[in-house]
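The structure under discussion appears below in the form of structure tokens.
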Amino acid sequence: MFAVIKTGGKQYSVAAGDVITVMALDGAPGDAVTFDEVLMLGGDSPKIGAPTIAGAKVSGEIAEQTRSPKTIAFKKRRRQNSKRKRGHRQDLTLVRITAIES
């Protein structure tokens, strides 16, 4: 059985035992987290929500709080002696999916 959940403005297809990387969630490693926005449940008899499935939830636990690799934003204007270099690292959370309940 798998589910499609929505968190952080993105959609993820998950199954029990998967480890997914999502935008930063509050909590420490080992804390339980629940995703209530379940858009679809797949398996023998799939269910599609409109837009979500009432009563369905996906449970997981926070495996790690981490950050993405650095992204460099470099802008240069030719012949103007003008340039700008900025870096950014996004905060991420690794979540281990433990159960899918319908």
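What follows is calculated from the coordinates using simple rules that are stated; it is not laboratory data. It should be emphasised that the depicted structure is a prediction, and the values quoted were computed from it without experimental measurement. Counting neighbours? That spans all protein chains shown, and the Cβs are built from the backbone with ideal geometry, glycine included.
Computed quantities for the displayed model
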| quantity | calculated |
| --- | --- |
| Scan of segment 34-51 for residues that are under 21 Å from VAL95 (Cα atoms) and either assigned to a loop (DSSP other than H, G, I, E, B) or of a type outside the set (A, V, I, L, M) (or both), ordered by number | THR34, PHE35, ASP36, GLU37, GLY42 |
| Tally of residues being surrounded by 10 or more Cβ atoms within 10 Å (Cβ to Cβ) and not in a strand (DSSP E or B) across segment 53-79 | 3 |
| First in segment 11-39 and over 23 Å from ALA50 (Cβ atoms), second anywhere and loosely packed, with under 12 Cβ neighbours inside 10 Å and among the acidic types (Asp, Glu), Cβ under 8 Å, 6 or more apart | MET23/ASP91; ALA24/ASP91 |
| Filter result for GLY30 (small (Gly, Ala, Ser) and farther than 19 Å from SER102 by Cβ) | yes |
